[in-house]
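Novice: First, the structure itself, so that you have it in front of you.
The values are calculated or read from the model by the stated rules, or taken from the named source; none is laboratory data. Bear in mind that the values here come from a model prediction, so they are computed numbers and not experimental data. No Cβ is skipped: glycine too gets one built from the backbone with ideal geometry, and neighbour counts run over all protein chains shown. For accessibility, only protein heavy atoms count, side chains too; no ligands or nucleic acids. Shrake-Rupley method; radii C 1.70, N 1.55, O 1.52, S 1.80 Å.
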Amino acid sequence: ELLFQIAEEVEAMLVPHREQMAATSELDASREGTRVTRALRVRLRGIAREEEAILARATKVADALEGEGVIVFHEIVRNVEADLVRIVRSLGESYSSGDRVQALQEDVLTSLEWLEAALRQELEDREQQESEEPPPPSEGEPQEPPLVPDVAELKLLRQLETEVLARIQQFVDLHPELRD
């Protein structure tokens with residue numbers, strides 16, 4: 001049930017985060033130069049408050065994952081938290097909505113989507129497993145299965161590795177002088 005609740009929380013973070021990304025992008029596109037008007041500050045602070053609410057949910061999820069010993073998923077959510085802190089600070093304090101903030105928002109979105117997909121896959125696997133095979137007879141105390149099996153964490157870790165390698169390749173393509 002905890003796994004299902006965490007998956008629901010991640011999904012509940014995705015919807016408002018997408019909305020705030022769209023609002024940030026729209027606001028940045030309509031911005032006139034570097035001047036920050038009062039109306040712009042109010043709108044940016046509003047987006048920052050919404051992202052801060054998502055940050056609070058991410059903290060709750062990270063704490064639950066840490067309590068269950070789910071290392072990779074926990075680390076991803078902690079990275080989401082760190083990115084959200086930077087986003088909130090940029091939007092609400094320095095009134096920045098440019099490429100850097102939008103790139104951070106994109107990173108948060110990607111991480112949350114990966115996390116949601118991995119959690120949903122694990123839930124589906126568990127449902128299928130429960131419907132296919134009866135539980136083995138237990139000897140002694142019944143063991144509680146881990147919240148997220150190592151295989152699911154390894155799959156997500158592999159996905160992260162692939163993303164990092166793609167970003168490194170993209171950076172090297174942009175700066176060929178670094179190949180040496």
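Novice: Which pairs do you get when a residue that is under 15 Å from LEU14 (Cβ atoms), found in the stretch 53-78, comes within reach of a residue that is of a type in the set (Asp, Glu) and open to solvent by 30 Å² or more (accessible area, probe 1.4 Å), reach meaning Cβ atoms under 6 angstrom, with the pair 6+ apart or on two chains?
Specialist: Pairs that qualify, where the first residue is under 15 Å from LEU14 (Cβ atoms) and the partner is of a type in the set (Asp, Glu) and open to solvent by 30 Å² or more (accessible area, probe 1.4 Å), are ARG57/GLU9; VAL61/GLU9.
Novice: Against the condition under 29 Å from ALA62 (Cα atoms), open to solvent by less than 70 Å² (accessible area, probe 1.4 Å), at pLDDT 85 or above and among the charged types (D, E, K, R), how does ARG126 come out, does it pass?
Specialist: Details: under 29 Å from ALA62 (Cα atoms): yes; open to solvent by less than 70 Å² (accessible area, probe 1.4 Å): yes; at pLDDT 85 or above: no; among the charged types (D, E, K, R): yes.
No; evaluated as a whole, the condition is false for this residue.
Novice: Right, here's the next one. Does any residue in the stretch 32-45 that is free of Cβ contacts under 8 Å to residues at least 24 places away in the same chain and under 16 Å from SER90 (Cα atoms) come within less than 9 Å, Cβ to Cβ, of a residue that is assigned to a helix (DSSP H, G or I) and not basic (Lys, Arg) six or more places away or on a different chain, and which pairs are these?
Specialist: What qualifies is ARG43/ALA23; ARG43/LEU27.
Novice: Could you figure out which of (1) at pLDDT 90 or above; (2) within 30 Å of ASP125 (Cβ to Cβ) isn't true of GLN5?
Specialist: The single condition GLN5 does not satisfy is (1).
Novice: Within the stretch 42-87, can you find the residues that are over 14 Å from the mean Cα position of the chain (by Cα), within 14 Å of GLN105 (Cα to Cα) and among the β-branched types (Val, Ile, Thr)?
Specialist: Across the stretch 42-87, the qualifying residue is only ILE47.
Novice: Cβ-Cβ distance below 6 Å, separation of 6 or more or different chains: which pairs start in the stretch 98-118 with a residue that is among the acidic types (Asp, Glu) and end on one that is modelled with pLDDT of 90 or more and assigned to a helix (DSSP H, G or I)?
Specialist: Close Cβ pairs (under 6 Å, with a partner that is modelled with pLDDT of 90 or more and assigned to a helix (DSSP H, G or I)) amount to ASP107/ASP83; GLU116/VAL10; GLU116/GLU11.
Novice: In the stretch 87-101, which residues are more than 16 Å from VAL36 (Cβ to Cβ) and buried (at least 16 other Cβ atoms within 10 Å of the Cβ)?
Specialist: ILE87, VAL88
Novice: Could you count how many residues in the stretch 1-36 are open to solvent by less than 60 Å² (accessible area, probe 1.4 Å) and of a type in the set (D, E, K, R)?
Specialist: 3
Novice: State all residues of the stretch 69-78 that are open to solvent by 10 Å² or more (accessible area, probe 1.4 Å) and either touching an Asp or Glu at 6+ places or on another chain (Cβ under 9 Å) or among the charged types (D, E, K, R) (or both); if no residue qualifies, say none.
Specialist: ILE71, VAL72, HIS74, GLU75, ARG78
Novice: Continuing with this model, one more query. List every residue pair whose Cβ atoms sit under 7 Å apart, with the two residues 6 or more apart in sequence or on different chains, where the first one lies in the stretch 151-180 and is open to solvent by 80 Å² or more (accessible area, probe 1.4 Å) and the second, anywhere, is in a helix (DSSP H, G or I).
Specialist: LYS155/ALA118; LEU157/VAL72; LEU178/VAL172; ARG179/VAL172
Novice: Please work out if GLU50 is open to solvent by 60 Å² or more (accessible area, probe 1.4 Å), acidic (Asp, Glu) and touching an Asp or Glu at 6+ places or on another chain (Cβ under 9 Å).
Specialist: yes
Novice: Between GLU81, GLU66, which is more than 16 Å from GLU163 (Cβ to Cβ) and open to solvent by 60 Å² or more (accessible area, probe 1.4 Å)? Before the answer, list the steps.
Specialist: Working: GLU81 fails: open to solvent by 60 Å² or more (accessible area, probe 1.4 Å).
Being more than 16 Å from GLU163 (Cβ to Cβ) and open to solvent by 60 Å² or more (accessible area, probe 1.4 Å) holds for just one of GLU81, GLU66, which is GLU66.
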